[in-house]
Amino acid sequence: MEKLVIIGYGAAGFAAMIKANELGIKPLMVGKGPLGGTCVNVGCVPSKKLLSISHFYRELRKKLQINQFPDFMEAFNEKDEVVRALRKKKYEDIISSYDVKLIQGEARFKDKNSVKVGNEIYEFEKCLIATGSRLNVPQIEGIENVEFWSSEKALSPDVRVESLTIIGGRALALEFSDIYSGLGTEVAIVQRSPRLIPEYDPEFSVTARRILESYGVKVFLNSRNIKVSKKSDRISVSGSFGNIESEKLLLATGRRPNVEIGLENANVVLNEKGGIKVDEELRTTNPNVFAAGDVIGLKMLEPLAGRQGSIAVSNAFTDERKKINYDYVPENIFISPGVAKVGKTSSELLGNMYVKSLKVPIDSLARGYIENEEYGLIKLNVDVRDLKILGIQVISARSEEIINESAVLMNMGATIDDVIDSNHIFPSFSEILRLAALSYYGDINKMSCCV
């Protein structure tokens, strides 16, 4: 009998393997496809490399006033080199450092205490499901008759793409509109909701739209009666907004958990979002089976998946009973400038009479002036009873670094006074956190830089 079987070898699976070894356990890890799962192969790493190329040339065009775009296919070749290097360095090379039995194949539950891989059956004491997610294809009239891209395919086009239509309006849609417009492709976004990134407060959605439109991206919101069809060598997308024709169609319509592994045989049930139902300790309805990462169907973020994988194994074999406070999990959309948040938005806190929102625009920040930043905003939601920070949203250059600091502050239960009593580098973008905190006590436009 195996002490631990891990199904999946992406972020959650690898973190689980490492934690298992720390506890003196040699796991059996089963997966398919290249090591590292979604993030390093067809997710965070390749998309951020392409975004860095897009941003470099966008800044070049802005500062030098030249119409210079990168070589389209060479950008994707550079991305492939980075993916190969990081997969080798962070997954293929390090796995030999761990005590693990690795099997490439597809695992399915035979019963509540065993899985079948090929012709072999493996009984287990504990099991972790970390099978990730895939594109969610919504019901769109005509979608079955056209060739469309998932985000994975959009990361590896065969030829230069002159025009692209994206259906969706959240992180993936925004990032791919940045990538492709930055490479010289005409891009249009079709969003069914009344605004982009509806999980953010309205002013952030509005600013995100302005940023995309500054790239030349056409944005169609509140779209109804969406239909798709093939017209010669182009794809037509029509609806209440009119008609758009483009070479390629990308569905950025969310992801669905990979749960087709015989869960019913293991007495494991799903939640209302179609992911695996888990308790606060990541235990499924089978007390010997845990789940981590995208397969749960909650926030689908690589660092969160890794943390969940580690915590699940800890809870399976120790009495630590670790939990995750999802309010303290930061998120970032890597357009330029970036959009990020952690904690509760004003929309989520609506009706709470003890909440005060503190907002500071980028033109109040010295670094914003220095870098000629046109778009930027921070918003802190504060409990006026104890001055604790309840949530932070930001649009800024280096937004991912600002929101990292924000998450640490919130995890420590920091107040705005704690932020004010700290020193930030001047000039820096993260200094906007302190400016927002200072705005609770007075008009920052009447304060000098050194306050």
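The values are calculated or read from the model by the stated rules, or taken from the named source; none is laboratory data. Note that this is a predicted model, so its numbers are computed, not measured. Cβ coordinates were reconstructed from backbone atoms using ideal geometry, including for glycine residues, and neighbour counts include every protein chain displayed. When the accessible area is computed, the model is the full protein with side chains, heavy atoms only, and any ligands, DNA or RNA have been set aside. Shrake-Rupley method; radii C 1.70, N 1.55, O 1.52, S 1.80 Å.
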Quiz prompt | Under 14 Å, Cβ to Cβ, from Asn113 - net charge with Lys/Arg +1 and Asp/Glu -1 | solution = +2
Quiz item: Regarding the chain, what are the three Cα extents along the principal axes, ordered largest first, in Å?
Solution: 69, 62, 42
Self-check item: Probe 1.4 Å, protein heavy atoms only - accessible area per residue of region 199-270 in square angstrom
Solution: 47 Å²
Quiz item: Using only helices, what value at 222 nm comes out for the chain when you add -39,500 (n - 2.57) per DSSP H run of length 4 or more and divide by the total residues, to the nearest 500 deg cm²/dmol?
Solution: -9000 deg cm²/dmol
Quiz item: Any idea which of Tyr122, Ile103, Ala85 is furthest toward the positive side of the dipole for region 82-132, if Lys and Arg beta-carbons carry +1 and Asp and Glu beta-carbons -1?
Solution: Ala85
Practice problem: Using 0.36 nm per residue of separation minus the Cα-Cα distance, give me the extension gain between Glu120 and Leu64 in nm, one decimal. | Solution: 13.9 nm
Practice problem: Quick one, can you get me the convex hull of the C-alpha atoms of region 138-295 expressed as volume per residue in Å³? | Solution: 143 Å³
Self-check item: Extreme residue, positive dipole direction of the chain, given options Asn243, Met412, Gly275 (C-beta unit charges)
Solution: Asn243
Quiz item: Can you tell me the Rg and the Dmax, both Å, for the Cα atoms in region 306-350?
Solution: 15.2, 44
Quiz item: If contacts are Cα pairs under 8 angstrom and at least 6 residues apart, what is the relative contact order of the chain in percent?
Solution: 15 percent
Practice problem: Determine how large the accessible area of Phe220 is when every protein chain is in place; take a 1.4 Å probe and give Å² rounded to the nearest 10. | Solution: 60 Å²
Exercise. Read phi for every residue in region 177-189 and hand back ³J(HN,Hα) as whole Hz from Karplus 6.51 cos²θ - 1.76 cosθ + 1.60, θ = phi - 60°, with x for Gly and Pro.
Key: 5, 5, 4, 6, 5, x, 9, x, 8, 6, 10, 10, 10
Practice problem: Roll a 1.4 angstrom probe over the protein heavy atoms and tell me the percent of accessible area of the chain that is carbon or sulfur. | Solution: 48 percent
Quiz prompt | Furthest towards positive pole of dipole, Leu50, Ile402, Leu174, structure part the chain, Cβ charges | solution = Leu174
Self-check item: Alpha-carbon Rg/Rh ratio, for region 333-451, with Rh computed the Kirkwood way
Solution: 0.94
Self-check item: Alpha carbon convex hull of region 205-351, volume per residue in cubic angstrom
Solution: 187 Å³
Quiz prompt | Normalised contact order of region 127-272, rounded percent, pairs of Cα under 8 Å and 6 or more residues apart | solution = 34 percent
Quiz prompt | Calculated P(r) tail over 15 Å for region 122-167, as whole % of Cα pairs | solution = 64 percent
Quiz prompt | Neighbour net charge for Ile179 - beta-carbon separation under 12 angstrom, K R +1, D E -1 | solution = +2
